[in-house]
Each structure stands twice: as structure tokens, then as C-alpha cells.
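Engineer: Supplied in C-alpha cells, the structure appears directly below.
Throughout, read-outs are computed from the coordinates displayed, never taken from laboratory work. Predicted model, so just to flag it, every value in this text is computed and none were measured. Every residue, glycine as well, gets a Cβ built from its backbone with ideal geometry; the counts of neighbours run over all protein chains shown.
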Amino acid sequence: MPSNPDSLRKYEIPGHIKISSGNGGLPKVLVTTKSSTAEIYLHGAHVTAFQKNGEPPLIFMSRKSEFADGKAIRGGVPICFPWFGPREGSAVHGYARLNEWNLTKTSVDANGNVKLVFAMPDDVSVKANWPVAKVNFIVTIADKLTMELAVANLSTEIFGFENCFHTYFQVGDINQISISGLEKSPFDDFAAGAGGARRAGESSILRITKETNRVYFDSPQTIEIRDEKLKRVIHIEKLNSKSSVVWNPWTTQKMPEDWDASEHLKMVCVESGNVKQNKIALPPNQTLDLKVVISSKPL
């Protein structure tokens, strides 16, 4: 049962943070700063919007996305945890994006930048039958979007998990973008017919011309999306992220009903985290903080 927005009023900050009932009756947080606006749903601690003043949105949302308890939101920034991809008999990309998180703290600094802290409910790890962990999602809204997923292993055993910010970026035209920073990085190809085949790194920048589903490993470097139509460059800086994923379903990948086939023209996913062979093995009493900073500049 979604929380009642009235129970969260104590976290509002006039002029900066407002809590309301969003699509499907799910509670959401609306953020306003002097340089940008953002929207985060408690369901999945899911960032569904970030936009700098005077610019098009940086984050893409599917027009057919479902907003319902127990279902994943399509678009925005899904949190994939504690695994990435399908798992037989379990939820795709883990449980984090299917549960309502607790909003635990909000603040505004001297520059007017807003910080929000969300905590995964303690009973999620019990239900999922994985080691007890404390998981916080920290979002800072300024002229940049900063996201941090902090996982603390509170158990007495090693906690093996994958994490990923499955970020959907809005672009002007998929045919007029290029992605740099992944040159020479080997990847596993999961596009139609590839079946996860290992590919050698490519010398040129990446252009999306067909169904693309690549998992780059050992790729901690910064990535940029150059958008010729919107006349901007999106900058993706990562900390404690060894994997990068680039995905666009084109019109060939079979998609659920929460997706319109034509939407591939306006989005590309460039994801940051630790998946597949970069899976994390976190010792007891240790914490790992995955951090991604997204910014943009004009061409």
C-alpha cells in the first residue's frame, strides 16, 4: 500500500521540496532549485525527471509507463539491485525498483542545492532471502544530478550483489547522437542474435543504428553523449562503477506493453554500475558507495 503523502509533509521545504500524490496514486517528491527541477517517486526511489532551467529534460520517460504498486516504472532511473537482468523465478533487475522506499531526510544547502535520502525498508532483504544490508539512495539536485547508492553489509558473510543506475537519457534523435568514452573497451553483446557474445573494443565512437544491448566491463571511465539535434553534450561521471551498459531496443526487441515502439528514437540508456563479471563481493561490516554525476553543456 503506497504511503499517504500527508504523512510525509515534515520533509517538505517551502520553495524547494513538495510532496504530492503522483501517477497511480503513488507518492512523489517535487524538487525545485535555482538551476533545475526534479521528480522522484518513493516507489523504487525512482528519479522520473531532471531538467535544467532553459533546457530540454535530461531524463526520458515512456509515455506508456505504468505507475502501480508492485510494478516497475518504465524510464527515468530505475535502481537495479541486488542483481542485474533476469533471474529465473525472481523479478528482473532485483527488488529495489519494485518496493516503496522510506524518505528519511531532506535538506537545502547555502547554495540552494537540495539533498534527499531514501532508505530501502529493512524487511526487503528478509523477503528476498539475501544477507541483511542497509541500503540508502542519496540524490542531490543542483545544476547537476548526483545519485549515490550506499550498501552496507550488516551480516557476518560476504554479500555478493550487482548494482546499476539504469538511466534513460532523452535525446533529440537517436540517429544524430554519438557516445564517447567506451572506445577500445571490450563488451558482451546481448542484442538480437548475439546471445552475449564477447566483442573486442572498437576504435571509433559509438553510434546507435540498430538494436543495441552492450555490457562493457572494466570501464570506470567518464562517458559522454553528444546530441547534435538538441545541441548539447551529456557528461556521465562515475565512482565505484566498473561496468557500463548501453541499450536501445530499436524496433526489433520485444518489449512489454509499457513501451511504445516509436520511443526508441528519443532515448538511449547509458547505465553505470557493477554487473556480470564486475559483480561486487562486499565483506561483512563494509560499505560500497556507487556514485554517478550527470551534467550537460551546450555544443
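Engineer: Please list, in order along the range 157-174, the HN-Hα scalar couplings obtained from phi with the Karplus expression 6.51 cos²θ - 1.76 cosθ + 1.60 (θ = phi - 60°), rounded to whole Hz, x for Gly and Pro.
Structural biologist: Along the range 157-174, the couplings run 10, 5, 9, x, 7, 10, 9, 6, 8, 8, 7, 8, 9, 7, 10, x, 6, 4 Hz.
Engineer: Going by amide H atoms built from the backbone, whose H comes under 5 Å of the H on residue 107, apart from near neighbours?
Structural biologist: Counting only residues 5 or more places away or on other chains, the set is 115.
Engineer: Mean-square fluctuation check for the chain, GNM, Cα pairs under 10 Å: which of 186, 256, 131 is largest?
Structural biologist: It is 256.
Engineer: Starting from the Kirkwood Rh over alpha-carbon pairs, what translational D in µm² s⁻¹ does the range 112-219 have by Stokes-Einstein at 4 °C and 1.567 mPa s?
Structural biologist: Estimated diffusion coefficient is 74 µm²/s.
Engineer: Which residues among the range 1-44 fall inside the zone where the amide N is under 15 Å from a point 7 Å beyond the Cα of residue 143, along Cα→Cβ?
Structural biologist: 33-37
Engineer: Would you mind checking the radius of gyration and Dmax of the chain based on alpha-carbon positions, in Å?
Structural biologist: 18.4, 54
Engineer: Between the alpha-carbon centers of the range 231-299 and the range 38-79, tell me the distance in whole angstrom.
Structural biologist: Each part reduced to its Cα centre gives a spacing of 14 Å.
Engineer: Mind listing the long-range amide H neighbours of residue 59? Cut-off is under 5 Å, sequence gap 5 or more, other chains count too, H placed in the peptide plane at 1.01 Å from N.
Structural biologist: Placed amide hydrogens put 50, 170 under 5 Å from residue 59.
Engineer: Run the reach check for residue 242 against lysines, Cα to Cα strictly under 16 Å, same-chain hits fewer than 8 apart removed. What comes back?
Structural biologist: Candidates past the 8-residue exclusion: 184, 276, 279, 291.
Engineer: Something else about it: With θ set to phi - 60° and the Karplus curve 6.51 cos²θ - 1.76 cosθ + 1.60, what are the ³J(HN,Hα) couplings of the range 289-299 in order, to the nearest whole Hz, using x for Gly and Pro?
Structural biologist: Ordered by residue, 3J(HN,Hα) equals 10, 7, 10, 9, 10, 10, 9, 8, 8, x, 5 Hz.
Engineer: Taking amide H positions as placed 1.01 Å from N in the peptide plane, with prolines and chain starts having none, which residues 5 or more places from residue 101, or on another chain, fall under 5 Å of its amide H?
Structural biologist: 43, 44, 45
Engineer: OK, next. With springs connecting C-alpha atoms under 10 Å apart, model the chain as a Gaussian network and identify which of 272, 180, 243 has the largest mean-square fluctuation.
Structural biologist: 180
Engineer: Gaussian network model of the chain, Cα springs within a sub-10 Å range: biggest mean-square fluctuation belongs to which of 95, 11, 216?
Structural biologist: Of 95, 11, 216, the most mobile in the Gaussian network model is 11.
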